[in-house]
Amino acid sequence: YWGKNLPPEGGQDYQLSQTEPDRDPCSPSASVQFDATAVGRMQELAKKLRIRRYSVISAASALVVHAWSGSGSEVALDFPVSRRVRPESKTLPGMLAGVVPLVLQTSPETTVADFCRHVDVQIRELLKHQRFPVHHLDGEVGLRGLRQAANRVGINFIPSRLTLQLGGAPATATYTANGPAEHFGLFFIGASDRLFLSTAGLEIG
């Protein structure tokens with residue numbers, strides 16, 4: 001599966017600029033709140049298409065990233081996965097997560113609805129293969145630019161509070177940091193019916 005679903009040859013050509021010398025590129029920017037009307041429209045579209053809201057957000061992010069590149073019909077995002085796919089893994093506290101490539105096909109003839117459905121299908125498919133260590137393909141078939149931090153864009157979805165069940169015992173998780181950011185990343189933080197966006201890593205120039 002991953003041999004057929006890796007980023008385009010040579011990666012994507014984004015115009016990236018370095019952050020200010022006195023700024024830590026790993027530190028996130030200040031969060032910006034989405035307009036309530038925009039969040040409501042996202043919800044309406046997701047409900048109408050019967051897909052998750054994060055698929056709509058991923059579709060919008062992919063179109064923005066594709067506009068930054070301006071070449072080819074493929075766009076790739078680093079997509080977060082939980083790695084907690086087995087029942088026993090859901091009983092352990094601690095961090096267990098990863099990133100896999102989400103490769104999408106864009107076309108001027110594709111409608112917004114069809115593109116959102118395409119993104120949703122691709123996400124559902126990659127989640128079936130999320131436990132495979134994709135980086136192991138580097139010496140086998142080549143990652144085609146996946147490891148080049150300078151031309152990667154990642155997205156992440158962070159709930160402000162997360163309720164868990166660890167072996168039947170209730171627990172609440174909170175985030176204290178977005179984690180290391182070696183490349184440009186878009187962080188969507190959900191808080192009830194509100195949605196915020198922050199960025200980290202190298203900046204798009």
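Just how much of Val121 is accessible, in Å², when a 1.4 Å probe is used and the result is rounded to the nearest 10?
Solvent-accessible area, nearest 10 Å²: 90 Å².
What FRET efficiency do you get for Ala38 and Arg86 if R0 is 30 Å and r is their Cβ-Cβ distance, rounded to the nearest 0.05? Don't skip to the answer; put the middle values down first.
On the way: r = 37 Å, r/R0 = 1.23.
After rounding, the FRET efficiency stands at 0.20.
Starting from the Cα of Trp68, step 7 Å along the direction of its Cβ; do the same at Leu164; then give the gap between the two resulting points in nm.
3.0
What's the ranking of 109-118, 50-59, 34-43 by average number of surrounding C-beta atoms within 10 Å, highest first? Please report the intermediate quantities before stating the final value.
Values: 109-118: 14.2, 50-59: 19.3, 34-43: 12.5.
Listed from highest to lowest mean packing, they are 50-59, 109-118, 34-43.
The values are calculated or read from the model by the stated rules, or taken from the named source; none is laboratory data. Here the structure is a predicted model, which means the values were calculated and not measured. Note that each Cβ is placed from the backbone with ideal geometry, even for glycine, and that neighbours are counted across all protein chains shown. All accessible areas refer to the heavy atoms of the entire protein, side chains included, with ligands and DNA or RNA removed. Shrake-Rupley method; radii C 1.70, N 1.55, O 1.52, S 1.80 Å.
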